[in-house]
Amino acid sequence: MAAITSASNLDKSTSELNNALAELSSGSKIVSPADDPADLAESIGLNAQIGQTNAANSNISNAISFSQTQDGYLQQVGSALDQMSTLAVEAQDPTKSSAQLSDYNQEYQALANYITSTAGSTYNGISLFSGTDNSTTGGLAITIDGNGDTFTMTAVNLTAAAYTGATSGNISTSTGAAAALTSVASAITALATDRANVGANEERLNYTSDELGVLSDNLTAANSNLTDVDVATESTKYAQYQILVQSGTAMLAQANQNPQSILKLLS
């Protein structure tokens with residue numbers, strides 16, 4: 001009976017030692033579902049939520065890059081419009097000859113062509129300035145959380161009348177230059193509104209990205225509390241069960257020797 005009891009205790013100690021070793025080597029205190037079914041189920045849900053949150057944050061990062069690209073182009077369009085307005089004013093000088101007005105108009109048309117070309121620019125195959133996304137009229141609908149909620153960015157349309165009025169101008173005559181100046185002024189006003197909208201889009205997305213970053217950190221911390229092994233505690237348990245296994249092995253050997261004493265009585 002002493003040997004049987006020692007063997008049973010040794011088996012328990014060995015099992016605990018192996019479990020402590022598995023937790024320390026894996027870094028997780030849930031090595032198998034049987035260790036903690038409730039925490040395992042909760043951890044699975046948290047892991048899914050973390051993945052969804054990080055994916056939404058990735059979408060937002062791409063949308064921010066989209067907005068920054070838009071604004072970079074719009075800055076250059078603004079510079080072109082500024083120069084076009086300058087040319088339109090200079091072309092109204094009655095002392096300018098027809099040849100000089102033609103030169104001014106040639107530069108004006110080159111800048112207008114630049115703006116028209118920019119209107120067709122894309123980001124990863126998606127139009128930057130058409131004012132539409134892949135399916136609906138309006139700005140891009142960006143997924144902003146793991147639940148699939150979206151934020152629709154305010155669109156920018158460089159083919160709007162305010163811009164086409166400026167790019168279709170002709171300043172080869174003083175009359176045409178005056179009309180072109182009015183159109184360019186309208187385009188500059190529209191550009192100011194569009195750049196403000198792009199800035200508002202980017203600001204909104206930045207706030208959401210920061211929020212998702214905090215959420216992801218907190219979810220990760222919660223999941224860590226459920227699954228990550230406490231190295232100090234498990235190291236102590238490992239040392240404890242290692243001693244118990246060694247002493248149990250020694251005691252089992254001793255218990256197996258005790259019957260030999262009884263056999264001596266029969267000899």
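The values are calculated or read from the model by the stated rules, or taken from the named source; none is laboratory data. Since the structure is predicted, the reported quantities are computational estimates derived from the model, not experimental observations. Quick reminder, even Gly has a Cβ in these numbers, built from the backbone with ideal geometry, and neighbours come from all protein chains shown. Side chains are part of the model used for accessible areas, which takes the heavy atoms of the whole protein and leaves out ligands, DNA and RNA. Shrake-Rupley method; radii C 1.70, N 1.55, O 1.52, S 1.80 Å.
When L226 is tested against (1) part of a helix (DSSP H, G or I); (2) in contact with a helix residue (DSSP H, G or I) (Cβ under 7 Å, 6 or more places away or on another chain); (3) modelled with pLDDT of 90 or more; (4) within 30 Å of T53 (Cα to Cα), exactly one condition is not met: (3).
Run F151 past the list (1) touching a Lys or Arg at 6+ places or on another chain (Cβ under 8 Å); (2) under 12 Å from A88 (Cβ atoms); (3) not small (G, A, S) and report the number of the one that doesn't hold. The failed condition is (2). Quickly run through segment 143-178 and pick out the residues that are assigned to a loop (DSSP other than H, G, I, E, B) and among the aliphatic types (A, V, I, L, M). Of everything in segment 143-178, those that are assigned to a loop (DSSP other than H, G, I, E, B) and among the aliphatic types (A, V, I, L, M) turn out to be I144, M153, A155, V156, L158, A160, I171.
Of the candidates S67, S6, the single residue that is surrounded by 18 or more Cβ atoms within 10 Å (Cβ to Cβ), assigned to a helix (DSSP H, G or I) and modelled with pLDDT of 80 or more is S67.
With respect to the conditions (1) open to solvent by 50 Å² or more (accessible area, probe 1.4 Å); (2) in a loop (DSSP other than H, G, I, E, B), Y114 lacks only one, and its number is (2).
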